[in-house]
Structures are given as structure tokens and as C-alpha cells.
Amino acid sequence: MESLLGEWYGEERARAEMVRYNPEPVPLSETLGYVVSQVLPPWEWKLARVKESWESVAGKETARRCRIVRLNEGVLYVEVFHPAYRIALDTPRIKNELLEKIQGIVGKNDCREIKFIAGGGAPR
């Protein structure tokens, strides 16, 4: 192809034309994300995306005190390790803020509600 373009445009412009026809580079994380989304079941892929971004969604301190357990039928279960923290997170304002951020990641249909459960029930 390069030799054909070289004859048509000249050597210098042929290189520029070859670059134009090559695809743009794609970040490896984007490619891996696509491959993983094809291999994992959709619900597990969405759960992995929520877990991966949990610290940025909830904040460093909150993420340290609780963890995502499961996403089941539109309900995200979050295990909270301290009762007082669980009460604080369960306030409507904070709960709705977290829900909106999570819905931005997985969609409104896939996460309609958040339930905070007592810590220690699921293995760490």
C-alpha cells in the first residue's frame, strides 16, 4: 500500500497518507474492558465496574469503612463495618448521592436501590 501511495503522492506525502489510514491508538484499559465485558456475565461485569470505582464514588474514608457485596435485581448491597457509619450512610441525602453516582456507572435500570447491611456477614 505504501509503495502504491508513494507512486501516487510521492514518498513524503505517502507516509503521511499511511498514518491517516491507520486506526487511532486505543488505551489498553479500554481494550481489556471490552474483552472482559464479552467474557463475564453482564451482572458480574457491572458489579466489577462498581467495585473498581467505589473509592471515587464514596470517597476514600467511606470506601475504607464499607465494601460492595453484590448487585442483585437492581439492588446494590453495601456491607458497612460500623453501625454508626451505617446509620450515617442510610440518610436519604447521602444514599441518593451515592445512588446517582453508581447509576452513572451502570445505568438506572441496573441499580435502582442501595441497601446498607451490617458488616461481618460476608467473607472479606
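The values are calculated or read from the model by the stated rules, or taken from the named source; none is laboratory data. Quantities reported herein were computed from a predicted structural model and do not represent experimental measurements. We place every Cβ from the backbone using ideal geometry, glycine too, and count neighbours over all the protein chains shown.
Some notes on this structure:
- Consider the stretch 17-71 and keep the residues that are of a type in the set (G, A, S) and surrounded by 11 or more Cβ atoms within 10 Å (Cβ to Cβ). The one that is farthest from R112 (Cα to Cα) is G33.
- Hits in the stretch 95-124 - residues which are part of a helix (DSSP H, G or I) and either touching a Ser or Thr at 6+ places or on another chain (Cβ under 9 Å) or surrounded by 15 or more Cβ atoms within 10 Å (Cβ to Cβ) (or both): K95, L98, L99, K101, I102, Q103, I105, V106
- Residue within the stretch 40-48 that is touching a helix residue (DSSP H, G or I) at 6+ places or on another chain (Cβ under 6 Å) and not assigned by TED's automatic domain parsing to the domain that holds E30 present: yes
- Counting only helices (runs of 4 or more DSSP H) that sit completely within the stretch 18-72, those holding 2 or more residues that are closer than 17 Å to Q103 by Cα and β-branched (V, I, T) correspond to 42-58.
- Taking the criterion of being in contact with a Cys (Cβ under 8 Å, 6 or more places away or on another chain) and of a type in the set (V, I, T), the residues of the stretch 76-104 that qualify are V78, V80, I102.
- For L32, the criteria (1) in contact with a strand residue (DSSP E or B) (Cβ under 9 Å, 6 or more places away or on another chain); (2) not assigned by TED's automatic domain parsing to the domain that holds I94 hold in every case but one, which is (1).
- Among (1) basic (K, R); (2) free of Cβ contacts under 8 Å to residues at least 24 places away in the same chain; (3) over 13 Å from V106 (Cβ atoms) - the single one K51 does not satisfy: (3)
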